[in-house]
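Encoded as structure tokens, the structure appears first; notes follow it.
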Amino acid sequence: RTGGFEELLQMLPEGILLLPLCLDVRRGALDEFKSAIPAYEAKVAEFAQMGVDVINPSGAPPFMVLGYANEQDLIRRWEATYKTRIFTSGTSHVDALRALKVKRFLGATYFAGDINRIYAKYFVDAGFDCLDMAGMDVPFDKVPDVPSHRVFDFIKDAFSRNSAAEAIYMLGPAWHTLDIIERLERDLGVPVVHAVPAQCWDIQRHLNMRQPVEGFGRLIAEMPAG
């Protein structure tokens, strides 16, 4: 799946060369995520052999299912083995929330059921108070077709039950929702950490760059230090 790749390319500043290698994730199911790590490592090894500056194994669910502590151990092992800096989608989201000085947040995903508890636990183990990880009940292969206004209404409704949240976290790049980030921030009065701007922010951070991008929320517009 290549969700968010084209959107990310539009945000990244000139001078950054992004080389994508994709995994074949089709169902978005727990067993699929649990079995994905060896496939990720094969891609990490391939990139390391190319001599890239930094490697971003993207796609939060497989690493969140692995668990925060296990993910940290895995990153350390990969960096020692492949002699390259590595960060995941999960660590980008954790670092983005920390950079925005957020401790308590509301999460929103396009997954239904108990898997959202696993995602919430990942952040709890990272030191956050996850008030809820609200999941939309939509087939995984239909996520890109969900209108952004429907996602907006879903998040706004969830926030009405969790108004103590200091931020909104939107897991995953598959839904096309960049157009609602700033509207959510205005209406709800809190920052939004969306997968695509967070990835752009963290790529720049790891490459010691700082080029703000307007129109996609506070994180990428303000470029806070992580």
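The values are calculated or read from the model by the stated rules, or taken from the named source; none is laboratory data. Nothing here was measured: the structure is a model prediction, and the numbers come from that model. Here Cβ is always computed from backbone atoms with ideal geometry, including for glycine, and neighbour counts include all displayed protein chains. Accessible surface areas use protein heavy atoms only, side chains included; no ligands, DNA or RNA. Shrake-Rupley method; radii C 1.70, N 1.55, O 1.52, S 1.80 Å.
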| task | Answer yes if at least one residue in the range 172-184 is under 18 Å from the mean Cα position of the chain (by Cα) and surrounded by fewer than 18 Cβ atoms within 10 Å (Cβ to Cβ), and no otherwise. | result | yes
| request: Please find, within the range 66-109, the residue that is nearest to the chain's Cα centre (by Cα) out of those that are of a type in the set (Ser, Thr, Tyr) and crowded, with 21+ Cβ neighbours inside 10 Å. | output: SER89
| said: I'd like to verify a number: residues in the range 166-199 that are farther than 16 Å from LEU97 by Cβ and assigned to a helix (DSSP H, G or I), how many? | reply: 7
| note | Result of the Cβ filter at 6 Å on the range 41-63, keeping first residues that are touching a residue at least 60 places away in the same chain (Cβ under 8 Å) and partners that are surrounded by fewer than 23 Cβ atoms within 10 Å (Cβ to Cβ) and part of a loop (DSSP other than H, G, I, E, B), at least 6 apart or interchain, is ASN56/PHE87
| message | Report every pair of residues separated by at least 6 positions or lying on different chains whose Cβ atoms are under 6 Å apart, first residue within the range 153-165 and assigned to a loop (DSSP other than H, G, I, E, B), second open to solvent by less than 20 Å² (accessible area, probe 1.4 Å). | response | ASN162/LEU106; ALA165/PHE105; ALA165/LEU106
| message | So in the range 43-65, with the set limited to residues that are of a type in the set (Gly, Ala, Ser) and closer than 15 Å to LEU19 by Cβ, which one is surrounded by the fewest Cβ atoms within 10 Å (Cβ to Cβ)? | response | GLY51
| query | Out of all the residues in the range 28-36, is one or more within 29 Å of GLY215 (Cα to Cα), open to solvent by 20 Å² or more (accessible area, probe 1.4 Å) and modelled with pLDDT under 85? | reply | no
| Matching option when the condition is under 21 Å from PRO197 (Cβ atoms) and in contact with a strand residue (DSSP E or B) (Cβ under 8 Å, 6 or more places away or on another chain), among ARG104, ARG150, ARG98 | ARG104
| task | Tell me, yes or no, whether the range 1-15 has at least one residue that is loosely packed, with under 12 Cβ neighbours inside 10 Å, among the hydroxyl-bearing types (Ser, Thr, Tyr) and either modelled with pLDDT under 95 or within 17 Å of the chain's Cα centre (by Cα) (or both). | result | yes
| field | In the range 186-211, the residues that are under 14 Å from LEU12 (Cβ atoms) and open to solvent by less than 60 Å² (accessible area, probe 1.4 Å) | value | VAL196, PRO197, ALA198, GLN199, CYS200, TRP201, ASP202, ILE203, GLN204, HIS206, LEU207
